[in-house]
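The structure appears right after this line, and notes come after that.
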Amino acid sequence: MKIALKATTRSVQGTGASRRLRRADKVPGIVYGGGKDATVIELDHNDIFHKLRLEAFHASVLDMELDGKAEQVLLRDVQMHAWKQNVLHVDFQRVDPSKKIHMKVPLHFVNAEISPGVKLSSGIVSHIINELEIACLPKDLPEFIEVDLKDLAAGHSIHLSNLNLPAGVESVALNRKDDQSVATIIIPRAVAADEAAAATVSAADVPAANQKAKEEAPKKDDKAKK
């Protein structure tokens, strides 16, 4: 998914200048890295506010038009107002196509409803992590990583080593030999209690059935004699 945005260079800096920008529905920001000097910029508030609501905007190489020139950047930081729907500041990092980048990308969980742990055991999927830190070249950056739960049974977990990562994409945690759990299926207490109660009742029925069989045995013998 290609996402483009426009920005212009800021000529004035400082707290007062940033306040004036925000009053004019502009957002101050900065672009750094890529072997170039950092550049202070301004963006349209409405445009950046709506783009920030896109999941892909946070995990994609963005096409920024800065003063009419093309830059490829990554979103690195966002500052929001404490209670207003206002973007206060954004940081972008330039991309070098030949160098690996580290990014956190979202995990998309699929097929939970057909997993044995949910379908057969009435379990609930617990997402232990919802995003994954990866390393890859900019051209290989995925918008998300899919986690397939179709074979997950109750009490079992999916680990990082079970994920099918796209070509050229590495898990930073796995490179550190940290095979984290990604998701597991747990049985709610109410379901576990119902199952335990049903098992107790079934166990209690066995002696009762044996006793009933013993009581009926003499009656059958008496009928046979008659």
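In summary, ASP63 fulfils each of the numbered conditions (1) closer than 27 Å to ILE158 by Cα; (2) in contact (Cβ under 8 Å) with a residue 40 or more places away in the chain; (3) acidic (Asp, Glu) with the single exception of condition (1). Pick from region 142-162 the residues that are in a loop (DSSP other than H, G, I, E, B) and open to solvent by 30 Å² or more (accessible area, probe 1.4 Å): which of them is nearest to ARG176 (Cα to Cα)? Only one residue tops the list, namely PHE144.
Residues considered: ALA173, ALA167. Of these, the only one that is out of contact with any Pro (no Cβ under 6 Å at 6 or more places or on another chain), more than 25 Å from ARG53 (Cα to Cα) and in a helix (DSSP H, G or I) is ALA173. Of all residues in region 20-31, none that is closer than 19 Å to LEU66 by Cβ and assigned to a strand (DSSP E or B) has its Cβ atom under 6 Å from the Cβ atom of a residue that is of a type in the set (A, V, I, L, M) and open to solvent by 70 Å² or more (accessible area, probe 1.4 Å), 6 or more apart or on another chain. One residue stands out among those in region 46-91 that are assigned to a helix (DSSP H, G or I) and open to solvent by 60 Å² or more (accessible area, probe 1.4 Å): the one that is nearest to ARG22 (Cα to Cα), which is ASN46.
The values are calculated or read from the model by the stated rules, or taken from the named source; none is laboratory data. Since the model is a prediction, treat every value here as computed from it, not as a measurement. All Cβ positions, even for glycine, are placed from backbone atoms using ideal geometry, and neighbour counts span all protein chains on display. Just the protein is used for accessible areas: all its heavy atoms, side chains included, with ligands, DNA and RNA removed. Shrake-Rupley method; radii C 1.70, N 1.55, O 1.52, S 1.80 Å.
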